[in-house]
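Computed from the coordinates by the stated procedures, all read-outs in this text should not be read as laboratory data. Bear in mind the structure is a predicted one, so any value in this text is a computation, not a measurement. Note that each Cβ is placed from the backbone with ideal geometry, even for glycine, and that neighbours are counted across all protein chains shown.
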């Protein structure tokens, strides 16, 4: 099975495609539905869900261009972390230029977590990708995460004039860096 590459296909006007990858299908479906609800009335949004990468190599299956890949990790499941770690090598390095982000679910209940948030933060830093936190079981938090992912998706798909995925990545990195100490 071949690597998933960001520029295999030409972009489609007013269509943005997001790929949600993670071990917990119910959470992915819930997030996908929230993204579609929040995206109504704007450009056409396509949501694809995969339990892991590589994607099946079915020749009959039409695979659209993927504009953004979101790795969804549950902090309450080590299987979730292993799934994401196994999927990362299946992406072409070009995706890590602003077209990948990590989403850690369950950050509000860290005392019950199987995975420490530092491990997820180190993974996101190692792959130069933004890290978002959310509680996908809570409707309002899921909707908030969906809106944020939708904004990122529009930029990655090229629907925001003058702003690219690489610009977005550099802006998000700067906002996450600690401030310089006073001299």
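Look at 140, 87 and count the other Cβ atoms within 10 Å of each Cβ; fewest to most, that gives 140, 87. As a proxy for reagent exposure, 69, 45 were ordered by neighbouring Cβ count within 10 angstrom, fewest first; the result is 45, 69. Considering only 68, 55, 103, the mean-square fluctuation computed in a Gaussian network model of the chain, springs between alpha carbons under 10 angstrom, is largest for 55. Comparing 149, 13, 168 in a Gaussian network model of the chain (Cα springs below 10 Å), the most mobile by mean-square fluctuation is 13.
Residue 164 to residue 42: extension gain in nm, 0.36 nm per residue of separation minus the Cα-Cα distance?
Using 0.36 nm per residue and subtracting the Cα-Cα distance, I get 42.1 nm.
Taking every alpha-carbon pair in segment 15-176 and binning the separations at 5 Å intervals from zero gives 2, 9, 19, 23, 22, 16, 7, 2, 0, 0 percent.
With a Förster radius of 35 Å applied to the beta-carbon distance between residue 112 and residue 15, the computed FRET efficiency rounds to 0.35.
So what's the back-of-envelope 222 nm ellipticity for the chain, counting only DSSP H runs of four-plus at -39500 (n - 2.57) apiece and dividing by all residues, rounded to 500?
So the helix-based figure for the chain works out to -11000 deg cm²/dmol.
Mind giving me the nanometre distance, one decimal, between the label points for residue 49 and residue 137, set 7 Å out from Cα along Cα→Cβ? Distance between label points: 1.7 nm.
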